[in-house]
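**Q** Take a look at the following structure, please.
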Amino acid sequence: MARILVVDDEKAIRNTLRDILSYEKYEVEEASNALEALEKMQSTVFDVVLCDIKMPGMDGIELLEKIKEVSEAQVVMISGHGNIDTAVEAIRKGAYDYISKPLDLNRLLITLRNALDKGRLLSESQMLRKKVFKYNEIIGESEALKEILRMVEKVAPTNARVLITGENGTGKELIARALHDNSPRAHGPFVEVNCAAIPSELIESQLFGHEKGSFTSAIKQRKGDFELAHGGTLFLDEIGDMSLSAQAKVLRALQENKITRVGGEKEIPVDVRVIAATNKDLKAEIEKGNFREDLYHRIGVIIIRVPSLTERKEDIPLLAQHFMELISAEMGKQPLGFTPEAMEALKHLKWTGNIRELRNMIERLAILCDNTITENDIRKYAN
């Protein structure tokens, strides 16, 4: 049963609204002023607040601002003294709607239902975001994965630099996050830099920051990712794509625990644990002259190789079911099941894109299939 708080200094209006809303099967509480309303909201969760604007002491607009700071309740403003400007101000400050007195009963009830629907949608959206966040969990029971997790358990509490290697889509970023989350730096920032996605001429500014006027578009001073990660972890994803000049500066930062912004002279101390990842063979890149050997030895104190999905086929059923539940929740539908033959077919496909490709496949099946997923469905919708 939805819970409504009616805030109005006129007792007759409160009584009328209580009678109407109680008849409509809502649970109703009253407050005669803003302070009383805030006291009630400290002990009770309300779905919607019907709030008068003109009240002695704190008025309805001020109360609206306070409510938005402490509650997810939808607020509908009601007033017999308002105008367009007041209505606009109320909406701008977060009110769901504005209704003038004398109240139109039909409009009030429709607005109330719509406000409740919006509140439910927001709650569901928050729940889905929490479920999506579970993508950060590492799913699987294969021996190959267990070996990785045992290493993470040993290495995470230290300050050792880690190089994570593996094919695209294997979940290297999840291992990096697990190292951070299980370290003494877990309370600090986790800053991720995709070295392959940043142009070579901008990577140094991204990592080390720049001073105002150091180049044409540097219109203000900017902190780099080394500074932003101070006290935490800096994750250099796809480090094999970093330019040689940036590699030299990263090496210096790791050696001295200091950085200098682009265009600056001041040395800035940084306390950062660096975790790097790559899908390239860095030893081969060293031979080609594309990667500094001294940097390789700096970042690779511990090397963790993440196995491909082909090397952990026994995890595919767990991953498939996990993704099906998450994707179905996002779509607002019941998750589909898999026949044993379908699961076997999934295990025998060539997963060149690894876990990322498997997730895409499960999303495709969730959208295109209506019933339990069969072996034929796997054959039909496989890339």
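The values are calculated or read from the model by the stated rules, or taken from the named source; none is laboratory data. The model shown is predicted, which means the values in this text are computed figures rather than measured ones. Cβ atoms come from the backbone with ideal geometry, glycine included; neighbour counts cover every protein chain shown.
**Q** For the range 229-246, what are the residues that are surrounded by 17 or more Cβ atoms within 10 Å (Cβ to Cβ), out of contact with any Phe, Trp or Tyr (no Cβ under 7 Å at 6 or more places or on another chain) and assigned to a helix (DSSP H, G or I)?
**A** If the condition is that a residue be surrounded by 17 or more Cβ atoms within 10 Å (Cβ to Cβ), out of contact with any Phe, Trp or Tyr (no Cβ under 7 Å at 6 or more places or on another chain) and assigned to a helix (DSSP H, G or I), then Ile239, Asp241, Ala246 are the ones that fit.
**Q** Here are some conditions: (1) assigned to a helix (DSSP H, G or I); (2) in contact with a Leu (Cβ under 7 Å, 6 or more places away or on another chain); (3) closer than 18 Å to Glu167 by Cβ. Trp351 meets all but one. Which one does it not meet?
**A** (1)
**Q** How many residues are surrounded by 14 or more Cβ atoms within 10 Å (Cβ to Cβ) and assigned to a helix (DSSP H, G or I) if we restrict to the range 192-203?
**A** Number of matching residues: 2.
**Q** For the range 204-221, give me each residue that is free of Cβ contacts under 8 Å to residues at least 24 places away in the same chain and surrounded by 17 or more Cβ atoms within 10 Å (Cβ to Cβ).
**A** The one that is free of Cβ contacts under 8 Å to residues at least 24 places away in the same chain and surrounded by 17 or more Cβ atoms within 10 Å (Cβ to Cβ): Gln206.
**Q** Quick check: is even one residue across the range 299-309 in contact with a Lys or Arg (Cβ under 7 Å, 6 or more places away or on another chain), in a helix (DSSP H, G or I) and at pLDDT 95 or above?
**A** The answer is yes, given that some residue of the range 299-309 is in contact with a Lys or Arg (Cβ under 7 Å, 6 or more places away or on another chain), in a helix (DSSP H, G or I) and at pLDDT 95 or above.
**Q** Now, a different point. Scan the range 46-70 for residues that are within 32 Å of the chain's Cα centre (by Cα), closer than 16 Å to Tyr98 by Cα and touching a residue at least 40 places away in the same chain (Cβ under 8 Å) and report the count.
**A** 3
Quick grid of which residues meet (1) in contact with a His (Cβ under 9 Å, 6 or more places away or on another chain); (2) farther than 28 Å from Ile84 by Cβ; (3) free of Cβ contacts under 8 Å to residues at least 40 places away in the same chain:
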position: Ala2; (1), (2), (3): no, yes, no
position: Lys11; (1), (2), (3): no, yes, yes
position: Asn33; (1), (2), (3): no, no, yes
position: Thr44; (1), (2), (3): no, yes, no
